[in-house]
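Okay, so here's the structure we're looking at.
The values are calculated or read from the model by the stated rules, or taken from the named source; none is laboratory data. Keep in mind that what you see is a predicted model, and the values were worked out from it rather than measured. Note: ideal-geometry Cβ built from the backbone for every residue, glycine included; neighbour counts use all protein chains shown. The area values use the complete protein model at the heavy-atom level, side chains included, leaving out ligands, DNA and RNA. Shrake-Rupley method; radii C 1.70, N 1.55, O 1.52, S 1.80 Å.
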Amino acid sequence: MAAFASAMTRKILWTIRQFARRLWVRATLISGLAILAAAAAPLSNYLPLSLSTQIDRGTLMGLLQILTNSMLAVTTFSLSIMVTAHLAADSTSTPRAHRLLQQDGRTQTVLATFIGAFIYALTLTIMLNLGLLREGELAPVYFFTVGVIMMVVIAILRWVGHLDGLGSVEATLRRAEHRAAHEIAGRNARPFLGARPRDAAIVPAKARRLAATRSGYVQDVDVHTLSEALGSAGRAWVDATAGDWIVEGDCLAHVDADEWTEKTADALRAAFTLNDRREHGQDTTYSLIVITEIGERALSPGINDPRTGLDAVGRITRLILRIAPETPLETPEVDNVFVPPLDRSEMVRGTLDPIARDGRSFREIGMAIQRAAAALSRHPDPETARAARRLSARGLSYARDGLMLIEDMERLGAIAVAEGPAAVAGGTDPDRLVVAALGPEEDERRAGERG
């Protein structure tokens, strides 16, 4: 029962963090200052008498009217800018970038300050008109109002500086890279989510399947909740990690526990957060896919912007190179939970491969993909290096299908780390195809090597 309560507590805290990113939550907190100001009104008895008598109803009403009139116009204007930026990011970048802007802390704080200041002034105006605030108790309210005005001035200055490039493709790419870098740093600091690696553990035959009771994407796996629900004698081998699509009845984890009840199963399921969409956080690959989608959109025939595709390839390569090989912590945060490593092969294939496919008719994209593969092939993690060589082979196949000039294929082949293109459908020999693309001299050279 205690484990279940702890799991629910962690779940509630995670939900609160998600809600805190929403605009209306921050606006509510700022507008709540009106209640605090009204509650602090009696403190005027502790202020100097001259100060209390100088601040009358007319003085306070003047400040509140300034806030009410100006904040309504500023809020309307700022919201229109935000909506325009979101629509621009959605149409020119990717619909997933829209969520990055939604969670932009600076934009939310600025807009929440404007909306909260308007509600604050409106609430106090109503209180004054109803006579809820007495004439001799307005000094604390006045000081609260001055503080809110200072917050508004700071917010306006920050907002002006933040408007530069808001919603543009370049700014969205930069924001997506920053978010992905944050997730990668968190994963490097907590390999295997702070638990033990699953590859080093064998699942016993007596382990039970923890089945999902609903369908959705796994957004978060709380290993601490799993550990507490298992108790000191139990162990769990996680099957579903962040980013996996789970159908009702699929296995979330294999569990070896002495006591297995429905309450235990519910406490274990509470460690897995499922929703209808992928989300940033533990899902490192998804954070990179957002950059991929921006690059793919730029390579579409309607936009035809290969330079943005090159930018996306460079950012993704830079981020993957930051992902350190996963090594178990000397002292894991939990000892009885085993988590699979990052699927680095899928990470490389799911991020750079689509850009190589959609940019196959651009020589610049083909060169960028081969350079990225060469850089990633030197990654200290063996799986990443193998995935990079496969990416190089697939990139050659895509380029062979899209490029028209043999000279371009020769340049790609010169920097490729793969021995040849990946196999194509229909049983065609990829080696013969690349030899034909590279010219008769290469054909003679390879024939001599084959002896």
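Points to keep in mind about this one:
- Ile294 being surrounded by 21 or more Cβ atoms within 10 Å (Cβ to Cβ), at pLDDT 95 or above and assigned to a helix (DSSP H, G or I): no
- Residue count for segment 126-166, restricted to those that are part of a loop (DSSP other than H, G, I, E, B) and open to solvent by 80 Å² or more (accessible area, probe 1.4 Å): 4
- On inspection, Val169 does not qualify as β-branched (Val, Ile, Thr) and more than 22 Å from the chain's Cα centre (by Cα).
- The conditions of being in a loop (DSSP other than H, G, I, E, B), buried (at least 16 other Cβ atoms within 10 Å of the Cβ) and in contact (Cβ under 8 Å) with a residue 40 or more places away in the chain are not met by Val348.
- Among the residues listed as Asp256, Asp239, Asp220, the single one being touching a Pro at 6+ places or on another chain (Cβ under 6 Å), of a type in the set (D, E, K, R) and surrounded by fewer than 22 Cβ atoms within 10 Å (Cβ to Cβ): Asp256
- Taking the criterion of being in a strand (DSSP E or B) and more than 25 Å from the chain's Cα centre (by Cα), the residues of segment 212-254 that qualify are Arg235, Ala236, Trp237, Cys251, His254.
- Hey, Arg209 farther than 23 Å from His86 by Cα, open to solvent by 80 Å² or more (accessible area, probe 1.4 Å), part of a strand (DSSP E or B) and out of contact with any helix residue (DSSP H, G or I) (no Cβ under 8 Å at 6 or more places or on another chain) or not: yes
- Leu268 vs. criteria over 28 Å from Leu352 (Cα atoms) and part of a helix (DSSP H, G or I): yes
- Subset of segment 227-269 [aromatic (Phe, Trp, Tyr) and modelled with pLDDT of 90 or more]: Trp237, Trp245
- For segment 379-410, the tally of residues that are open to solvent by less than 50 Å² (accessible area, probe 1.4 Å), over 21 Å from Arg318 (Cα atoms) and part of a helix (DSSP H, G or I) stands at 8.
- Yes/no for Arg277 being within 16 Å of the chain's Cα centre (by Cα), closer than 30 Å to Ala356 by Cβ and not in a loop (DSSP other than H, G, I, E, B): no
- Screening Ala236, Ala180, Ala207, Ala242 for residues that are out of contact with any His (no Cβ under 9 Å at 6 or more places or on another chain) and aliphatic (A, V, I, L, M) leaves exactly one candidate, Ala242.
- Scanning segment 354-366 for residues that are surrounded by fewer than 19 Cβ atoms within 10 Å (Cβ to Cβ) and either touching a Phe, Trp or Tyr at 6+ places or on another chain (Cβ under 8 Å) or part of a helix (DSSP H, G or I) (or both) yields Pro354, Arg357, Glu364.
- Taken over segment 175-206, the criterion of being out of contact with any Asp or Glu (no Cβ under 6 Å at 6 or more places or on another chain), surrounded by fewer than 20 Cβ atoms within 10 Å (Cβ to Cβ), not basic (Lys, Arg) and not in a helix (DSSP H, G or I) is satisfied by Pro197, Ala201, Ile202, Val203, Ala205.
- Residue in segment 421-437 that is at pLDDT 90 or above, surrounded by 18 or more Cβ atoms within 10 Å (Cβ to Cβ) and assigned to a loop (DSSP other than H, G, I, E, B) present: no
- Candidates Ala298, Ala324 - the one that is over 17 Å from Thr94 (Cβ atoms) and small (Gly, Ala, Ser): Ala324
- Segment 309-328: number of residues that are assigned to a helix (DSSP H, G or I) and surrounded by fewer than 20 Cβ atoms within 10 Å (Cβ to Cβ): 4
- Filter pass, Leu342 being assigned to a loop (DSSP other than H, G, I, E, B) and within 16 Å of Ile289 (Cα to Cα): yes
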